[in-house]
1. Remind me, what semi-axes does the chain give for its equivalent ellipsoid, largest first in whole Å, using sqrt of 5 times each Cα gyration tensor eigenvalue?
2. For segment 81-132, what is the convex hull volume of its Cα atoms per residue in Å³?
3. Fewest first, what order do Asp273, Asp110, Asp400 take by the number of other Cβ atoms within 10 Å?
4. Go through Val191, Ala323, Gly146 and say which Cα lies farthest out towards the positive end of the charge dipole of the chain; charges sit on Cβ, +1 for Lys and Arg, -1 for Asp and Glu.
5. Could you list the square roots of 5 times each eigenvalue of the Cα gyration tensor of segment 251-331, that is, the equivalent ellipsoid semi-axes, sorted largest first and rounded to whole Å?
6. On the first, second and third principal axes, largest extent first, how far apart are the outermost C-alpha atoms of segment 143-232 in Å?
7. Calculate how many DSSP beta bridges within segment 5-224 are antiparallel, expressed in % of all such bridges and rounded to the nearest 5.
8. Where is the GNM fluctuation largest for the chain (alpha-carbon springs, 10 angstrom cutoff): Gly305, Gly320, Gly433?
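What follows draws every value from the coordinates through simple rules; no lab data is involved. Just so it is clear, the structure is predicted and the values come from calculations on it, not from any experiment. All Cβ positions, glycine included, derive from the backbone under ideal geometry; neighbour counts span all protein chains shown.
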Amino acid sequence: MSRAISLRSVSKRYERTNRAVDRFTLDIEPGEFVVLLGPSGCGKSTVLRMIAGLEDITEGELLLDGEYANHIPPRDRAMAMVFQNFALYPTMTNRDNIGFPLRLENPRLDCRPQVEATARMLGIEDVLDRYPSQLSGGERQRVAMGRAISRRPSVFLMDEPLSNLDAKLRNRLRAEISQLTAELGVTTVYVTHDQAEAMSLGDRVAVIRGGVLQQVSTPRDMYALPENVFVAAFIGTPRINLLQAVVYAPLDGRMSIDLGKQRLPLPEPLSADHQLLRIQQGRQIIVGLRSEATRIAPPSQARPGEVALTGIVEHMEYQGHEALVHFNTGSRPAVVADLESPRPQPPVRRRRSRSGGPSVLTRIKGRAMAHVSGPVVALDDPEPGPRPVAAERPAVALSDLVVRTGPDVRLRSGAQVPLLVDLAHLYVFDQHGRRICPAPADLPGLDA
Ligand SMILES: Nc1ncnc2c1ncn2[C@@H]1O[C@H](COP(=O)(O)OP(=O)(O)OP(=O)(O)O)[C@@H](O)[C@H]1O
C-alpha cells in the first residue's frame, strides 16, 4: 500500500529561533517520488521529520490519505526512514539488521524468507551473515535500505542516503533507488542538497529556501521555467548566468536590454513576453542566460531570434565532452543569496559612498538575513531610474558569462570573440527575483 501525504501550511519553530519551516504546503500523490531540495539549513530534514512524526508540527496540518495525522505516533504511520549515516546496529549481523523491524512487529515471526527476498532485491544476499563493519559503504547503505523496505512500508523517507558515498557509487545506488521505489510503488520523499540527484530521481522536485517552499515542479519544468532567480541558480550545471540589467524602451525606437557595456536588442515585432518587459522600463532587472543560450559565432551567422554580443575570453574549462568558456562581456553578475557555492567574485573596485549609502555592515547584515527569508537576489547599489547606455560603471567581476561549446574549440585568453544570444532562451527576473519572462502562466490574459 502506498499513501498520499499532504502538508497544509505547516510551520516548525524551534525554541528561540525563527521558523525553520514556514507555512509549507505540498500534496504528494500515492506512489509519487518527491525530492526536497535546497541548501544546508533550509529545513528539508525538518519537513521530512515532521512527516515521520519525529518532530512536532508547530502550526498547520499533516494529512495521511486525507486524514488529519499531526498526533499519530511515528510507529503507527507505517513509514520507513533511511538516513545518511546508515544507522545499523554494529553488533547484529546484516541479516538481523534487516529483520529487526519485522521481529519488533512480531517477535515469533520467522522473518528469514522476507529478509532473503529483500536482500535479493538489493543484491546483498552474499553479505547477510557478516557484520556492518565488514561491508563497504555502498553495501552498508543497501543493508540500511533493506531494513527500511523489509516491513513493506507505505512511505519511504530518505534523508540524504547517498551523501556518504563516493560519486561513482552514488550514481549506481541512485539508479537502484529509482528502480526499487518504482517497482514497489511506494510513496517516497527524498531529501538532498544535490540538484543533479534531485533532477535525476524525482517525479517532482520541491525547492526550499530559508524554510519557504520556492517551487514544486517536474524536473523538466523546474529547469525550463524557474519561478525565481534562486531556483534558476540552484538548478543546472554550470550555473545559469545572471546579469544585472535595465530595460531600455524608448517611445520611438527599438526596445533593448542594457547589460552595462552592451545591449541585447529585442527582435521586432516584439513577442508577447517581451512586450510585457516595457513596464520594467528603467528598473533594475536580472537577465538569466543558461550556458547553452549563447554560442560563439559572428553576427553574419545569426538565426532568427539571435542577437550579437562580444566577450573577452577569461579562461576555458575543458570538460572532456565539451568546454565551458568564461567570458567578460562588461556586465555585472547578480548575487543570489543563500546558494551554497556562489561563483567566486574577484574584488570589485568601488568608489566610497560619501552620501550616506549603506555601510558594509548593513550590506553584510542584509545578506545574512536573506538566508532566512527576504529577497533572493542582491543587486549591488541599485540605481533608481534609467541608466545611460554604455556609461562609466564601477569595475565588473571578470567573468560574467559562461558559454558551453564543443571540446575542440581553442580560444586564447584575452581574445575578443563574437557571440550570438538566442532570445528564445532569455529569462528575465524582476528586482525581487521573480521571473517575469517567460511570463508566469498565471498572468491574467496569457493562456500559453
Ligand atoms: N533541534 C533543533 N533545535 C533548534 N534548531 C534546529 C533544530 N533542528 C534544526 N534546527 C534548525 O532548523 C533549520 C533547518 O534545519 P534542517 O536540519 O531541517 O535543515 P536541512 O535543510 O535539512 O539542512 P542540512 O542539509 O544541513 O541537513 C536550521 O537552521 C537548523 O539549525
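1. Calculated on Cα positions only, the semi-axes equal 47, 25, 20 Å.
2. Spread over its residues, the Cα hull of segment 81-132 gives 86 Å³ apiece.
3. Asp110, Asp273, Asp400
4. Ala323
5. Ellipsoid half-lengths, sorted descending, are 27, 15, 12 Å.
6. 41, 29, 23
7. For segment 5-224, the DSSP antiparallel bridge percentage is about 50.
8. Ranking Gly305, Gly320, Gly433 by mean-square fluctuation puts Gly320 first.
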